[in-house]
Amino acid sequence: VPVELKDNTNAFMITVDVGSQNASFDCIIDSGSADLWIPSDLFCEKESGCTNDGYNPNASTTANATGYNYSIDYVGSKGYTGQIYNDTVNVAGFELKNAQFASVNDGETPQPIAGIGYPGLNNKPPYYKNLPQQMKEQDFIDNFGYGIYLDSLNSSDGLIVFGGVFTEGYTGKYKQLPILDTSSVSSVLSSLYIDFGGANDTEDAWVLQTPIRALFDTGSTALILPTDMHKKVLEILDIQPSDDGDVFDCSKYDQNEAAFKFNFLGVDIDVPFNVISYPTNDTHCHAAVSAIDGDYVILGEFFLRATTLYFDLENQLISIAQAK
């Protein structure tokens, strides 16, 4: 059953209800991490930004403390710490009994996250079965996987199907890519070039011609590139970095025809300029591209909107198609 994801302009959210009192949390759906964590009542007492009073295990008749501490680190943020609990978790119409998750007491922000990547991806021992794995274990879905469809850039809707694949919303057929290993939901990006669609006789330009690891990350917004690739994009689009971000003159390009063209082991995905950038005024656009000090690419929301995906984590396969 497709479950609606809510777009809060920064990330897509899924609603999770926890405990006998059904405390409701809007969690960022994140294929780049593995843990479900929610803010505790102690966290919400000292930090603003909570949408309720936080999780209080003493208020839930179905809560059980595991006795294990919890900690996690995310790229670009300080760590989060708390405790691991078992309690009833309602998500996507499924009521998971005695589900494991973390109640966080300290961290940068009380924004909860529903990690749906490989267990052990970011969390530290003790490792445990995460949300989609627990759905399978309790016979709500048949396999450890999910379909993702984020719709167009102008849409505030997105959909996820736990244990299932979308049969519409894309062109052509699904093509399969191998997931490299269980350290991340990633495959191989073989090449990337920018096609200007013949605008002003601008020559197409290569950004990448050597294969590199690419992470499919629903918890990120931008297309995040290694520093050298990001520099090439700045040069190709004649971007002058500023406090306002990567802004370029998009008036000379056809926003529907010009595109970032990705090739994954022979599978082509086109991301038009009007998907991977957005206007700042009548002539200039902000490119949703940023840099990372690493040897991999992170494919965030602005890339994922151009695709329909099924992550089969059980068999280590990604099925990908060009979105309509």
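The values are calculated or read from the model by the stated rules, or taken from the named source; none is laboratory data. Since we're looking at a predicted model, the values are computed, not measured. Counting neighbours? That spans all protein chains shown, and the Cβs are built from the backbone with ideal geometry, glycine included.
State which residue pairs qualify: first residue in contact (Cβ under 8 Å) with a residue 40 or more places away in the chain and more than 27 Å from S190 (Cα to Cα) and inside region 229-254, second residue among the polar types (S, T, N, Q) and assigned to a helix (DSSP H, G or I) in any location, beta carbons under 9 Å apart, and separation of 6 or more residues or different chains.
Partner pairs satisfying both residue conditions: K252/N200.
Which of the residues that make up region 63-103 are farther than 15 Å from Q133 by Cβ, within 21 Å of the chain's Cα centre (by Cα), among the aromatic types (F, W, Y) and buried (at least 21 other Cβ atoms within 10 Å of the Cβ)?
Within region 63-103, Y80 is the sole residue that qualifies.
Looking at I292, I318 in this structure, which one is modelled with pLDDT of 90 or more, within 16 Å of D217 (Cβ to Cβ) and in contact with a Ser or Thr (Cβ under 7 Å, 6 or more places away or on another chain)?
Step by step, each of I292, I318 is checked, and only I318 is modelled with pLDDT of 90 or more, within 16 Å of D217 (Cβ to Cβ) and in contact with a Ser or Thr (Cβ under 7 Å, 6 or more places away or on another chain).
Go through region 44-97 and report how many residues are of a type outside the set (D, E, K, R) and in a loop (DSSP other than H, G, I, E, B).
18
For region 274-289, give me the residue count where each residue is modelled with pLDDT of 90 or more and out of contact with any strand residue (DSSP E or B) (no Cβ under 8 Å at 6 or more places or on another chain).
Within region 274-289, residues that are modelled with pLDDT of 90 or more and out of contact with any strand residue (DSSP E or B) (no Cβ under 8 Å at 6 or more places or on another chain) number 0.
Return yes or no: is D195 surrounded by fewer than 21 Cβ atoms within 10 Å (Cβ to Cβ), in contact with an Asp or Glu (Cβ under 8 Å, 6 or more places away or on another chain) and farther than 14 Å from I298 by Cβ?
Spelling it out, D195 is indeed surrounded by fewer than 21 Cβ atoms within 10 Å (Cβ to Cβ), in contact with an Asp or Glu (Cβ under 8 Å, 6 or more places away or on another chain) and farther than 14 Å from I298 by Cβ.
Going by the conditions given, is D26 surrounded by fewer than 21 Cβ atoms within 10 Å (Cβ to Cβ), assigned to a strand (DSSP E or B) and modelled with pLDDT of 90 or more?
yes
How many residues does region 144-194 contain that are small (G, A, S) and within 17 Å of the chain's Cα centre (by Cα)?
Total meeting the criteria: 10.
Restricting attention to strands (runs of 3 or more DSSP E) lying wholly within region 214-273, give those where 1 or more residues are at pLDDT below 90 and assigned by the TED database to the domain that holds G300.
247-249
Could you tell me which numbered condition T283 fails, if it satisfies all but one of (1) more than 21 Å from F144 (Cβ to Cβ); (2) within 17 Å of the chain's Cα centre (by Cα)?
Of the numbered conditions (1) more than 21 Å from F144 (Cβ to Cβ); (2) within 17 Å of the chain's Cα centre (by Cα), the odd one out for T283 is (2).
Taking the conditions exactly as written (more than 17 Å from the chain's Cα centre (by Cα) and surrounded by 15 or more Cβ atoms within 10 Å (Cβ to Cβ)), does Y296 satisfy them or not?
no
Matching residues to (1) of a type in the set (A, V, I, L, M, F, W, C); (2) touching a Ser or Thr at 6+ places or on another chain (Cβ under 9 Å); (3) at pLDDT 95 or above:
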position	(1), (2), (3)
G19	no, yes, yes
G54	no, yes, yes
G79	no, yes, no
L96	yes, yes, yes
N105	no, yes, yes
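Does A214 satisfy being crowded, with 22+ Cβ neighbours inside 10 Å and either touching a Leu at 6+ places or on another chain (Cβ under 6 Å) or free of Cβ contacts under 8 Å to residues at least 40 places away in the same chain (or both)?
yes
Return the only residue of F216, F140 being touching a strand residue (DSSP E or B) at 6+ places or on another chain (Cβ under 9 Å) and within 27 Å of S77 (Cα to Cα).
F216
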